[in-house]
Amino acid sequence: FAGLPAPGAVGVPRLSFEFFPPRTAPVEAQAWAAIQRLAPLAPHFVSVTYGAGGSVQDRTHRMVARILRETTLTPAAHLTCVGASRGAVDDIARRYWDAGVRHIVALRGDPPPGERFSVHPDGYRDAADLVAGLRRIASFEISVAAYPEVHPEAASPDADLDNLRRKLDAGASRAITQLFFDTDIYLRFIDRCHAKGITAPVVPGIMPISNFAKARRFVASCGASVPRWLDGLFEGLDTDEGSQHLVGAVVAAEQVRLLQANGVDEFHFYTLNRAEMSYAIAHLLGARPRSG
Ligand code: FAD
């Protein structure tokens, strides 16, 4: 870490942690243990992803409700508009508001695998339209998605930035990026955001890698790239879980420390429902447990 600011010297960053709704009791216990482990770091919010289909979506609602009921954390509920009418999406948003949820991560969502996105006949057109709809319902804090490596469906990098701007202009106050591994990709993206007049925080989404094969599959599905140097770092470690954890922690640590040295003071962690790596990396950034 020579040459980088000492932890804490540049102020403690603002943190958020993302979880996915568990499908089984053991995964629920693991997710819940992760939330409790990370809670003392007093994150700005903890977000819960939202999938396709009623039962998956119910799990999101249940997890958000449990966070509200059993912790002092601020939950941010992901909400997508793909495949749903405006009325159905609005009902969910109203129920969230009535339950005390004040932060929504507003997303378009993806169509089922192999299909192209099409707007539901009575639905929101895209995430910007959803943000405008949420604004009409209540004064939610709204975060949206941003793509340093460009969304796969975007007509061009510039059109993708215009789309991000539309989401912020519609009432979102922050963007969270898709995961990325090359720090330069994010920093160049931020330059392009600034050139477009985007002043809202565009928070880097960090995914510490604990299993490279799984990470690779996940990264491929979301249109991000795996740099060759990263492949090289995990080479030969397929069956060596412990070393993969250590290498993954070093990679994420270097990534966040470089970003911090470049003035980034807000980080969103894709925890994949595990606390250890996110906790350790947040610690390196200067985060410490707060009592009470
Ligand atoms: P949009 O911002 O609407 O844009 C999607 C693409 O379409 C962009 O390329 C944009 O440029 C283009 N576009 C949008 N509107 C127009 C228009 N009117 N004309 C032409 N082009 C247009 N998915 C889930 O299902 N559940 C989750 O919980 C979830 N959480 C996420 C969290 C984060 C931080 C991120 C980065 C992604 C998440 N996703 C989630 C994935 C997301 O749903 C997909 O990436 C989806 O394909 C796009 O959603 P969006 O909100 O970015 O869409």
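At-a-glance table
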item	result
Residues that are within 18 Å of VAL82 (Cα to Cα), within 12 Å of the ligand (Cβ to nearest atom) and either β-branched (Val, Ile, Thr) or surrounded by 19 or more Cβ atoms within 10 Å (Cβ to Cβ) (or both), drawn from the range 133-169	ILE142, SER143, VAL144, ALA145, ALA146, ASN163, LEU164, LYS167
Single residue of VAL202, VAL256 found to be surrounded by 21 or more Cβ atoms within 10 Å (Cβ to Cβ), within 15 Å of the ligand (Cβ to nearest atom) and of a type in the set (A, V, I, L, M)	VAL202
Unmet requirement for VAL264, which otherwise passes all of (1) in contact with a His (Cβ under 7 Å, 6 or more places away or on another chain); (2) part of a loop (DSSP other than H, G, I, E, B); (3) of a type in the set (A, V, I, L, M)	(1)
Hey, GLY248 out of contact with any Asp or Glu (no Cβ under 7 Å at 6 or more places or on another chain) and surrounded by fewer than 21 Cβ atoms within 10 Å (Cβ to Cβ) or not	no
Flag if ALA252 is closer than 20 Å to PHE117 by Cβ and under 20 Å from the mean Cα position of the chain (by Cα)	no
Qualifying positions in the range 108-132 - within 7 Å of the ligand (Cβ to nearest atom), crowded, with 21+ Cβ neighbours inside 10 Å and touching a residue at least 40 places away in the same chain (Cβ under 8 Å)	ALA127, ALA128
Any hit, the range 175-182, residues being surrounded by 14 or more Cβ atoms within 10 Å (Cβ to Cβ), in contact (Cβ under 8 Å) with a residue 24 or more places away in the chain, of a type in the set (D, E, K, R) and within 12 Å of the ligand (Cβ to nearest atom)	no
Top-ranked residue of the range 73-107 - restricted to ones that are touching a strand residue (DSSP E or B) at 6+ places or on another chain (Cβ under 8 Å) and of a type in the set (S, T, N, Q), ranked as surrounded by the fewest Cβ atoms within 10 Å (Cβ to Cβ)	THR74
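Quick note: the coordinates plus some simple rules give every number you see, no bench work behind them. Owing to the predicted nature of the structure, the values given are computational and were not obtained by experimental measurement. Ideal geometry is used to build each Cβ from the backbone, glycine not excepted, and the neighbour counts take in all protein chains shown.
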